[in-house]
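The values are calculated or read from the model by the stated rules, or taken from the named source; none is laboratory data. Note that the coordinates shown come from a computational prediction; the quantities given were computed from them, not determined experimentally. Quick reminder, even Gly has a Cβ in these numbers, built from the backbone with ideal geometry, and neighbours come from all protein chains shown. SASA here: full protein model, heavy atoms, side chains in, ligands and nucleic acids out. Shrake-Rupley method; radii C 1.70, N 1.55, O 1.52, S 1.80 Å.
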Amino acid sequence: MCRRSAARTLAVVLLLAASLVSGSTGATAQAGPAQAAAEVRGFVDAHSHLFSYEAFGGRLMCGRPFDPDGIEEALKDCADHHPNGELAWFENFTRTGSPTGTHDPVGWPTFADWPAHDSLTHQQAHYTWVERAWRGGLRIMVNHLVANRQLCAIYPLRRNSCDEMDTLRLQAQRARELQEHIDAEHGGPGLGWFRIVHDAAEARRTVAAGKLAVVLGVEASEPFGCRQTFGIPHCTRAQIDRGLDELYELGVRSMYVCHKYDNALCGVRFDSGTQGAIVNLGNLLSTGSFWQARTCTGAEHDNPIEPGGVLPDQLAGLLPPGVSLPLYPPAPHCNTRGLSGLGEHMVQGLMRRGMLVEIDHMSVKAADRTLDLLEAADYPGVISSHSWADPGYFGRIYALGGMITQYGHDSEHFVAEWRRTEPLRQAHQVAGYGYGLDVNGMGRLPGPRAPGAVGPVTYPFTSFDGSVRLDRQRTGERVWDVNTDGVAHYGLVPDWIEDMRLLAGPEIVQDLAAGAESYLRTWEAAAHRPAVASGR
């Protein structure tokens, strides 16, 4: 199906889909019909963080996606979690709401307590788990390099710089190192299944060769040092231009303008509850003020700032003497800050480079202005990658030719949102749906579904294209089952999709299998627009 007018649709190169071979990841080869198709077929994860263990000072997250010395080194707990996890207050707080608690700190080979779908500080994306997801149908992964200077400064343990650009450079290096590591396992340069790609044509060739196309993105709170203090920006347009040039050279093709805290570029969409209280404290420490909110008068709004948010004792002491969390007017809440002049310059810079503009995390005031700019330029390169934009903007995103992928919710929630938004996709002739799992992004992965009339997943099951059969995933001495563990780590994504197939039938899998093609069409069209504008 066509997803935009014929005048803006790019020709799709005919490619031969390569069949997958079996590996040692719980998947065995199964004969399937040869497929020659004009379109890429498979899943897209438009939002994940394989290398966030290097962010936030490098001591907040435990474990790595790979280690040259093997999985036993990669998958071990942080030293400060030993002997029983009692001192892991951030892990305990984000998992249970209390800073006190315990867990078994042993990772490899027993994995008694982690990884788990609700453990936010333990590695959930070892490359062998990503490999199983690829064998199960993943064709495009957008890996966001992530940085947050203020969270780095707040957390008392660190081994890396808090400078956000330094953090992004280090994670880009780690991505290349993982690619080289996998290449070495498969016989040499270029032979591995994990390939960092720089344009949509390269991504198509990669998928056609039976490999995983990895796109680099950036989700940073103060890109290029663009923080603000009491409304005064700490960056210039020249700084933004140099920063965009550097990130483009590093391979970045998708980017946020702001994230979590107001910066010199735009205001943010709020967090709610206790997490909102913590992030609001970070906004105070970063900018000199708490979030500024008003009662919304339009249909779109930011997340509500709930009264009575509680800070853990370890963070409450960071409030200045006599200062407490503010009270806000009645909900619905809208951030008073929108897209600044510097923010408009950055959005224009992303368009000039054919990069994708990530609209999640923008306040509605900022998102509305950003969409105005994209619409004025007829620029399709916009994406909402993990359910952090007001749904009222989805029609405008689709009308431009952009893409929307849903956060990795539990199966029932994900299916419900897929159904709710189906009429909108049909109205805009959108073929394809995707997910933004946000693995290692301080958010929970899909949990196990409560027993019901439908299901459970039975093992082994066959991948969407019939190429592999997947049994329960085993790492070390631990065997995982999606029915009881949910998506404890990235390797269980195919099991999660199988669970949704049981709930919603083959139609949801067909839409997800069209997701990679949908993403590539948006990317191709975005890269084409600067050439059209300049007459090339």
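Please give the Cα centre distance for segment 390-444 versus segment 126-163, rounded to the nearest Å. The two parts, judged by their Cα centres, are 22 Å apart. When the solvent-accessible area of segment 152-223 is split by element, carbon and sulfur atoms take up 51 percent of it, the probe being 1.4 Å.
3J(HN,Hα) along segment 316-330: 4, x, 7, 5, x, x, x, 9, 10, 4, x, 9, 10, x, x Hz, from the Karplus curve 6.51 cos²θ - 1.76 cosθ + 1.60 with θ = phi - 60°, whole Hz, x for Gly and Pro.
Averaged per residue, the chain has 37 square angstrom of accessible surface, using a 1.4 angstrom probe with ligands and nucleic acids left out.
Both radii come from the Cα set of segment 87-170: Rg as radius of gyration, Rh as Kirkwood radius; their ratio Rg/Rh reads 1.01.
For the chain, adding -39500 (n - 2.57) for each run of n ≥ 4 DSSP H residues and dividing by the number of residues yields -10000 deg cm²/dmol at 222 nm. Per-residue extension of 0.36 nm, minus the Cα-Cα distance of D481 and E202, leaves a gain of 96.9 nm for this segment. Within the accessible area of segment 238-352, the carbon and sulfur atoms contribute 54%, probe 1.4 Å, all protein chains present.
For segment 371-524, the residue among L400, G486, L437 whose Cα projects farthest onto the positive side of the dipole built from Cβ charges is G486.
Beta-bridge orientation, the chain: approximately 40 percent antiparallel, per DSSP, counting only bridges with both partners inside. Rounded to the nearest Hz, the phi-derived 3J(HN,Hα) couplings of segment 108-123 under the Karplus curve 6.51 cos²θ - 1.76 cosθ + 1.60 (θ = phi - 60°) are 4, x, 8, 6, 5, 10, 8, x, 8, 4, 10, 9, 8, 10, 10, 4, where x marks glycine and proline. Measuring r between the beta carbons of S98 and T458 and using R0 = 41 Å, the FRET efficiency lands at 0.65. Here the relative contact order of the chain, from alpha carbon pairs under 8 Å that lie six or more residues apart, stands at 21 percent. The Rg/Rh ratio for the chain, using Cα coordinates for both the radius of gyration and the Kirkwood hydrodynamic radius, is 0.94. Amide H contacts under 5 Å for I305: H333, restricted to partners 5 or more places along the chain or on a different chain, H placed in the peptide plane at 1.01 Å from N.
Compute the whole-percent fraction of alpha carbon pairs in segment 409-536 spaced more than 23 Å apart. When all Cα pairs of segment 409-536 are counted, 41 percent exceed 23 Å. Straight-line reach from K211: taking Cα to Cα under 28 Å and skipping same-chain neighbours fewer than 8 places apart, no lysines fall in range. Within straight cross-link reach of K76, meaning Cα distance under 13 Å, which aspartates and glutamates are found once same-chain residues fewer than 8 apart are removed? Cα-Cα hits under 13 Å: D67, D104, D113.
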